[in-house]
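S.K.: Before I ask anything, here is the structure I am working with.
The values are calculated or read from the model by the stated rules, or taken from the named source; none is laboratory data. Remember, it's a predicted structure, so these values are computed and weren't measured experimentally. Please note: Cβ atoms are built from the backbone with ideal geometry, for glycine as well, and neighbour counts cover all protein chains shown.
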Amino acid sequence: MSALASAAIADNPWLAASVRIADVVTEFAGVATYYLQFDEPARATSYGYAPGQFNMLYVPGVGEIAISISGGLASREGLAHTVRVAGNVTQSLARLGKGDSLALRGPYGSAWPLDETRDADIVLVAGGIGLAPLRAVVEARLDGPSPRASTTLLYGARSPDVLLYDREFAGWTGRGLHLQCTVDRPHRLWVGHVGAVPLLVDRLSGIAPANCALFLCGPEVMMRYSVRSALARGVRKEQIWVSLERNMQCAVGLCGHCQLGPAFVCQDGPVFRYDKIEPYLDVEDL
Amino acid sequence: MTQHDRESSPSMHETRLLDKQDFQKLVDLLWDQGYRVLGPTVSQAAIVFGEIRAIDDLPRGWTDEQSGGEYRLKRREDDAWFGFVVGPHSPKQHFFPSRVTVVAADRDGDAWRMRDVPDDEPPVALLGVRACDLAAIAVQDRTFMHARYSDPIYRRRREQALIIAVNCTQAASTCFCTSMNTGPRCSSGFDLALTELPDCFTVEVGSPQGAALAALLPTRPADPQALRQAEIARQHAVDDISKQLDTNDLRDLLLNNLEHPRWSEVATRCLSCTNCTMVCPTCFCSSVKEVSDLDVEHVERVREWDTCFNWDFSYLNGGVVRDQIRSRYRQWLTHKLASWVDQFGVSGCVGCGRCITWCPVGIDLTEEVAAIRETPV
Ligand SMILES: Cc1cc2nc3c(=O)[nH]c(=O)nc-3n(C[C@H](O)[C@H](O)[C@H](O)COP(=O)(O)OP(=O)(O)OC[C@H]3O[C@@H](n4cnc5c(N)ncnc54)[C@H](O)[C@@H]3O)c2cc1C
Ligand code: SF4
Ligand code: SF4
């Protein structure tokens with residue numbers, strides 16, 4: 001009987017594991033990074049993820065949301081989740097602090113193709129909170145031995161006060177990241193670019209189109225125009241990956257909410273190779 | 001078992017006869033074996049699934065008249081027990097309940113713990129399932145049991161269920177199972193399949209469970225005449241079917257016509273009322289909400305049917321992706337008939353015609369497809 005019961009438990013996709021907030025780092029007003037550790041040590045050692053994947057974070061009594069994994073190790077500092085306050089669940093999360101309990105299930109979805117692009121020059125294109133799922137890519141690229149290939153980050157935010165992870169920028173560039181930031185509304189001390197992210201793609205230099213890969217995450221309009229710029233500059237659609245968002249209730253392909261054409265964003269995405277999703281991404285209101 | 005010795009007990013795919021006067025024995029036997037028997041019964045001016053304890057619970061002598069936006073019960077001239085087609089309910093109601101708790105969380109000191117909530121629904125015997133609905137069950141099996149993740153509630157209910165199908169002997173003007181290759185003949189997915197004759201049923205065995213059940217019933221070997229009569233009765237349903245859906249290249253036709261003007265045209269008629277998705281035996285979309293006690297110590301996560309016709313179904317970042325009825329109808333039809341094939345390897349439509357009957361303004365998906373086919377962009 002007990003073996004049967006526990007098999008049933010493992011089967012229930014809705015069962016999330018208890019986690020605790022090991023640390024909270026406030027990025028700026030309305031955005032914080034939560035480091036989550038499993039209560040059960042066995043979970044911490046068995047849990048693995050690939051950059052680009054996401055977890056479902058559950059605040060009991062409030063609801064459950066999809067949040068990208070922004071680095072960290074389950075068995076050490078905890079899994080990093082950078083969350084922007086949007087509505088109900090994210091607001092409740094913002095009221096929680098170090099030591100508080102919630103639940104997590106995952107990882108879900110597709111990942112950035114890091115193996116496939118190991119020897120390529122990677123250009124990361126991010127807007128606002130869209131940098132969250134790319135942080136683990138930056139870490140993986142800068143940690144790994146890949147002397148021949150470069151990593152570039154083109155990052156845009158509304159203003160210099162809301163640049164995500166800016167305290168880590170110096171460390172990243174010190175380890176070889178080419179970083180260019182742009183803002184819509186600069187203040188007096190701003191020395192970076194001003195304007196939309198696609199302009200950075202337009203002005204990009206020193207990257208051979210034949211041997212590069214683009215990973216994009218951010219508002220869909222930003223991605224659309226950035227892709228257009230990249231294509232105009234000789235990059236092929238098969239060299240471009242985008243991370244998409246759709247309403248998600250289950251993350252396991254059962255609730256139907258996240259469909260985009262034939263794709264379930266929760267399973268076939270969130271990371272798509274551009275040529276595969278383009279026919280649907282370009283249709284308004286699909 | 002005296003008159004039914006081993007030699008005459010039914011085997012797989014064998015067809016036997018069960019006299020109508022012995023039909024109550026089948027119902028009793030199912031209850032005795034612990035099944036809750038659900039079958040067609042008249043309720044609220046329609047034939048819906050309800051508990052069947054006695055043969056008097058069946059819609060004997062009733063039939064239905066269906067057309068776009070219309071459903072009417074009528075007295076039959078004869079006393080047929082299953083002389084109607086599908087109503088607003090389908091087996092989906094049982095296997096994928098419209099509201100059910102999927103998981104719970106309890107506060108334990110300063111930690112939250114999640115737990116399974118066992119589904120204690122007794123096993124059911126579904127009586128009177130039609131060919132299109134057998135096909136619909138197979139479609140939902142792919143979604144809930146054979147994809148990467150499976151739904152434990154669906155799986156348990158499905159694996160425990162016994163299915164006694166009934167072959168259609170007539171069709172409604174809304175039926176198009178022949179276009180979808182799903183009917184009207186029940187060909188697989190049942191434990192027993194019946195065909196109604198004036199005084200008896202032919203009983204076809206479709207599974208070992210069905211064979212075991214039939215062995216306990218006072219059936220007799222089917223004579224060639226009865227078999228021929230049953231064949232003629234089933235042919236009536238085939239001959240009755242008038243509606244057609246041309247499925248040739250249908251997936252590509254729809255996905256290549258996402259900007260067809262017909263989507264705007266149908267949007268002027270569609271009320272986005274959600275009826276079609278509620279009655280459709282394959283639609284599977286749902287949402288989960290929180291139900292907690294007052295001090296939020298115990299929380300249940302309750303799954304409810306949802307539909308792509310609800311305005312906030314595609315809610316995202318303070319906005320809604322499918323804000324217009326045009327995009328919601330397009331999502332429904334292209335999912336059903338096109339992207340379902342990419343996702344699950346079959347069409348999401350079995351041709352039961354329910355969405356046509358229960359659409360308050362009588363929108364007919366076969367006509368929408370035909371209009372797009374006539375003038376592809
Ligand atoms: C794959 C994926 C990864 C994501 N990663 C991050 C991340 O790293 N950091 C971050 O801050 N946000 C991320 N989001 C967005 C995040 O899920 C939403 O901001 C969040 O669901 C809003 O919930 P809420 O209850 O606070 O907002 P409300 O506006 O109250 O939303 C109500 C409900 O609608 C649904 N919903 C609303 N917006 C979204 C959305 N954008 N995506 C999916 N479901 C939504 C959720 O079920 C939510 O509970 C991600 C979304 C997806 C799909
Ligand atoms: S789409 Fe309409 S005809 Fe097809 S299975 Fe669903 S309800 Fe039946
Ligand atoms: S679609 Fe076919 S099997 Fe279903 S009710 Fe109509 S005739 Fe019977």
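S.K.: When residues of region B:358-377 are filtered for being surrounded by fewer than 16 Cβ atoms within 10 Å (Cβ to Cβ) and assigned to a loop (DSSP other than H, G, I, E, B), how many remain?
M.R.: The total comes to 6.
S.K.: Applying the selection to region A:102-122, what residues are at positive phi and assigned to a loop (DSSP other than H, G, I, E, B)? Please lay out each step first, then the result.
M.R.: Of region A:102-122, the ones at positive phi are A:106, A:109.
Within region A:102-122, just A:109 meets the criteria.
S.K.: Restrict the check to region B:321-330 and report whether at least one residue is more than 16 Å from ligand 3 (Cβ to nearest atom), polar (S, T, N, Q) and within 29 Å of residue B:94 (Cβ to Cβ).
M.R.: Residues of region B:321-330 more than 16 Å from ligand 3 (Cβ to nearest atom): B:321-330.
Cutting the leftovers down to polar (S, T, N, Q) gives us B:324, B:327.
Checking which are within 29 Å of residue B:94 (Cβ to Cβ) leaves us with none.
Checked region B:321-330: no residue is more than 16 Å from ligand 3 (Cβ to nearest atom), polar (S, T, N, Q) and within 29 Å of residue B:94 (Cβ to Cβ).
S.K.: Could you please find all residues in region B:142-179 being among the aromatic types (Phe, Trp, Tyr) and away from chain A (no Cβ under 14 Å)? Don't jump to the end; show me each part of the working.
M.R.: First, pick out the residues of region B:142-179 that are among the aromatic types (Phe, Trp, Tyr): B:144, B:149, B:154, B:176.
Passing the criteria: only B:176.
S.K.: From the list B:211, B:135, B:193, pick out the single residue that is among the hydrophobic types (A, V, I, L, M, F, W, C), within 13 Å of ligand 2 (Cβ to nearest atom) and at pLDDT 95 or above.
M.R.: Details: B:211 fails: within 13 Å of ligand 2 (Cβ to nearest atom); B:193 fails: within 13 Å of ligand 2 (Cβ to nearest atom).
Criteria check complete, one pass: B:135.
S.K.: Kindly evaluate residue A:206 against the criterion of being out of contact with any strand residue (DSSP E or B) (no Cβ under 9 Å at 6 or more places or on another chain) and either more than 30 Å from residue B:312 (Cβ to Cβ) or without any contact (Cβ under 8 Å) to a residue 12 or more places away in the chain (or both). Walk me through how you get there before you give the answer.
M.R.: Numbers: out of contact with any strand residue (DSSP E or B) (no Cβ under 9 Å at 6 or more places or on another chain): no; either more than 30 Å from residue B:312 (Cβ to Cβ) or without any contact (Cβ under 8 Å) to a residue 12 or more places away in the chain (or both): yes.
Here the answer is no, as residue A:206 does not meet what is asked.
S.K.: Which of the residues belonging to region B:300-334 are within 7 Å of chain A (Cβ to nearest Cβ), more than 16 Å from ligand 1 (Cβ to nearest atom) and either closer than 16 Å to residue B:278 by Cβ or part of a helix (DSSP H, G or I) (or both)?
M.R.: Across region B:300-334, the qualifying residue is only B:327.
S.K.: Being closer than 30 Å to residue B:100 by Cβ, hydrophobic (A, V, I, L, M, F, W, C) and away from every other protein chain (no Cβ under 14 Å), is that true of even one residue in region B:180-189? Spell out how you get there, then give the answer.
M.R.: Residues of region B:180-189 that are closer than 30 Å to residue B:100 by Cβ, as a first pass: B:180, B:182-183, B:186, B:188-189.
Adding the requirement that they be hydrophobic (A, V, I, L, M, F, W, C) leaves B:180, B:186.
Adding the requirement that they be away from every other protein chain (no Cβ under 14 Å) leaves B:180, B:186.
Yes, region B:180-189 has at least one match.
S.K.: Continuing with the same structure: Can you tell me which of (1) within 16 Å of ligand 1 (Cβ to nearest atom); (2) within 19 Å of the chain's Cα centre (by Cα) is the one residue B:58 doesn't meet?
M.R.: (1)
S.K.: Right, next: Only residues that are away from ligand 2 (no atom under 16 Å from the Cβ) and among the hydroxyl-bearing types (Ser, Thr, Tyr): list them for region B:169-183, please.
M.R.: To start, the set of residues in region B:169-183 that are away from ligand 2 (no atom under 16 Å from the Cβ) comprises B:169-170.
Within region B:169-183, just B:169 meets the criteria.
S.K.: For residue B:346, work out the one condition from (1) within 13 Å of ligand 2 (Cβ to nearest atom); (2) in a helix (DSSP H, G or I) it doesn't fulfil.
M.R.: Of the numbered conditions (1) within 13 Å of ligand 2 (Cβ to nearest atom); (2) in a helix (DSSP H, G or I), the odd one out for residue B:346 is (2).
S.K.: Test of understanding: among A:213, A:230, which residue is more than 16 Å from ligand 3 (Cβ to nearest atom), assigned to a helix (DSSP H, G or I), more than 10 Å from chain B (Cβ to nearest Cβ) and hydrophobic (A, V, I, L, M, F, W, C)?
M.R.: On the way: A:213 fails: assigned to a helix (DSSP H, G or I).
Selected residue: A:230, the only one of A:213, A:230 that is more than 16 Å from ligand 3 (Cβ to nearest atom), assigned to a helix (DSSP H, G or I), more than 10 Å from chain B (Cβ to nearest Cβ) and hydrophobic (A, V, I, L, M, F, W, C).
S.K.: Checking the condition assigned by TED's automatic domain parsing to the domain that holds residue B:163 and farther than 30 Å from residue B:345 by Cβ, which residue from B:224, B:208 passes? Even if it seems obvious, please write down each step before you answer.
M.R.: Working: B:208 fails: farther than 30 Å from residue B:345 by Cβ.
On inspection, the qualifying residue turns out to be B:224.
S.K.: Among the residues of region B:353-376, are any within 14 Å of ligand 2 (Cβ to nearest atom) and within 14 Å of another protein chain (Cβ to nearest Cβ)?
M.R.: Of the residues in region B:353-376, the ones within 14 Å of ligand 2 (Cβ to nearest atom) are B:353-359, B:362-369.
Next, only the ones that are within 14 Å of another protein chain (Cβ to nearest Cβ) stay: none.
Checked region B:353-376: no residue is within 14 Å of ligand 2 (Cβ to nearest atom) and within 14 Å of another protein chain (Cβ to nearest Cβ).
Matching residues to (1) under 23 Å from residue B:197 (Cα atoms); (2) more than 16 Å from ligand 2 (Cβ to nearest atom); (3) buried (at least 21 other Cβ atoms within 10 Å of the Cβ):
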site	(1), (2), (3)
B:149	no, yes, no
B:164	yes, yes, yes
B:167	yes, yes, yes
B:185	yes, yes, no
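S.K.: Still on this model: Which of the following residues is surrounded by 22 or more Cβ atoms within 10 Å (Cβ to Cβ) and closer than 25 Å to residue B:172 by Cα: B:273, B:308, B:355?
M.R.: Numbers: B:273 fails: surrounded by 22 or more Cβ atoms within 10 Å (Cβ to Cβ); B:308 fails: closer than 25 Å to residue B:172 by Cα.
Exactly one residue qualifies, and that residue is B:355.
S.K.: For region B:204-261, which residues satisfy the criterion of being assigned to a loop (DSSP other than H, G, I, E, B) and farther than 30 Å from residue A:284 by Cβ? Give the steps one after another, and end with the answer.
M.R.: Applying the first criterion (assigned to a loop (DSSP other than H, G, I, E, B)) to region B:204-261 yields B:206-207, B:216-219, B:222-223, B:241-249, B:256-261.
Across region B:204-261, the qualifying residues are B:206, B:207, B:216, B:217, B:218, B:219, B:222, B:223, B:241, B:242, B:243, B:244.
S.K.: Checking the structure you have, find out if any residue of region B:285-299 is outside any helix (DSSP H, G or I), surrounded by fewer than 22 Cβ atoms within 10 Å (Cβ to Cβ), within 16 Å of ligand 2 (Cβ to nearest atom) and modelled with pLDDT of 95 or more. Steps first, please.
M.R.: Start the filter on region B:285-299 by keeping residues that are outside any helix (DSSP H, G or I), which leaves B:285-299.
Within this subset, residues satisfying the condition of being surrounded by fewer than 22 Cβ atoms within 10 Å (Cβ to Cβ) are B:285, B:287-298.
Among the residues that remain, those that are also within 16 Å of ligand 2 (Cβ to nearest atom) are: B:285.
Add one more test, that the residue is modelled with pLDDT of 95 or more, and what stays is B:285.
Yes, that holds for at least one residue.
S.K.: Now a separate question. Pairs, please: C-beta under 9 Å, at least 6 apart or cross-chain, first residue more than 29 Å from residue B:303 (Cα to Cα) and outside any strand (DSSP E or B) and in region A:63-76, second of a type in the set (Phe, Trp, Tyr) and more than 6 Å from ligand 1 (Cβ to nearest atom)?
M.R.: Qualifying pairs under 9 Å: A:70/A:165; A:74/A:38; A:74/A:47; A:74/A:49; A:75/A:38; A:75/A:47.
S.K.: What's the number of the only condition in (1) within 20 Å of residue A:140 (Cβ to Cβ); (2) among the aromatic types (Phe, Trp, Tyr); (3) within 12 Å of chain B (Cβ to nearest Cβ) that residue A:58 fails to meet?
M.R.: (1)
S.K.: In addition: Inspect all residues belonging to region A:79-101 and state whether any of them is charged (D, E, K, R), in the same structural domain as residue A:197 (by TED's automatic domain parsing), free of Cβ contacts under 8 Å to residues at least 60 places away in the same chain and not in a strand (DSSP E or B).
M.R.: Residues of region A:79-101 that are charged (D, E, K, R), as a first pass: A:84, A:95, A:98, A:100.
Restricting the remaining residues to those that are in the same structural domain as residue A:197 (by TED's automatic domain parsing) gives none.
Among the residues of region A:79-101, not one is charged (D, E, K, R), in the same structural domain as residue A:197 (by TED's automatic domain parsing), free of Cβ contacts under 8 Å to residues at least 60 places away in the same chain and not in a strand (DSSP E or B), which makes the answer no.
S.K.: Same structure again: In region A:76-99, what residues are away from chain B (no Cβ under 14 Å), more than 12 Å from residue A:49 (Cα to Cα) and not basic (Lys, Arg)?
M.R.: Applying the first criterion (away from chain B (no Cβ under 14 Å)) to region A:76-99 yields A:76-82, A:94.
Among the residues that remain, those that are also more than 12 Å from residue A:49 (Cα to Cα) are: A:76-78, A:81-82, A:94.
Correct list: A:77, A:78, A:81, A:82, A:94.
S.K.: Would you be able to say whether some residue in region A:125-147 is over 19 Å from residue A:37 (Cα atoms), in a strand (DSSP E or B), modelled with pLDDT of 95 or more and away from every other protein chain (no Cβ under 14 Å)?
M.R.: The answer is yes; a qualifying residue exists.
S.K.: For region A:200-209, does any single residue satisfy the condition of being within 14 Å of chain B (Cβ to nearest Cβ), in a loop (DSSP other than H, G, I, E, B), away from ligand 2 (no atom under 16 Å from the Cβ) and not small (Gly, Ala, Ser)?
M.R.: First, pick out the residues of region A:200-209 that are within 14 Å of chain B (Cβ to nearest Cβ): none.
Checked against the condition, which is being within 14 Å of chain B (Cβ to nearest Cβ), in a loop (DSSP other than H, G, I, E, B), away from ligand 2 (no atom under 16 Å from the Cβ) and not small (Gly, Ala, Ser), region A:200-209 yields no hits at all.
S.K.: Then there's this: Working only within region B:254-270, note down all residues that are more than 16 Å from ligand 2 (Cβ to nearest atom) and not charged (D, E, K, R).
M.R.: If the condition is that a residue be more than 16 Å from ligand 2 (Cβ to nearest atom) and not charged (D, E, K, R), then B:255, B:256, B:257, B:258, B:260, B:261, B:263, B:264, B:267, B:268 are the ones that fit.
S.K.: Continuing with this model, one more query. Which one is nearest to residue B:352 (Cα to Cα) among residues in region B:290-299 that are facing another protein chain (nearest Cβ under 8 Å) and touching a residue at least 12 places away in the same chain (Cβ under 8 Å)? Spell out the reasoning first.
M.R.: Of the residues in region B:290-299, the ones facing another protein chain (nearest Cβ under 8 Å) are B:290, B:292, B:296, B:299.
Those left that are additionally touching a residue at least 12 places away in the same chain (Cβ under 8 Å): B:290, B:296, B:299.
Details: B:290: 34, B:296: 44, B:299: 38 Å.
Looking at the filtered set, the residue picked out is B:290.
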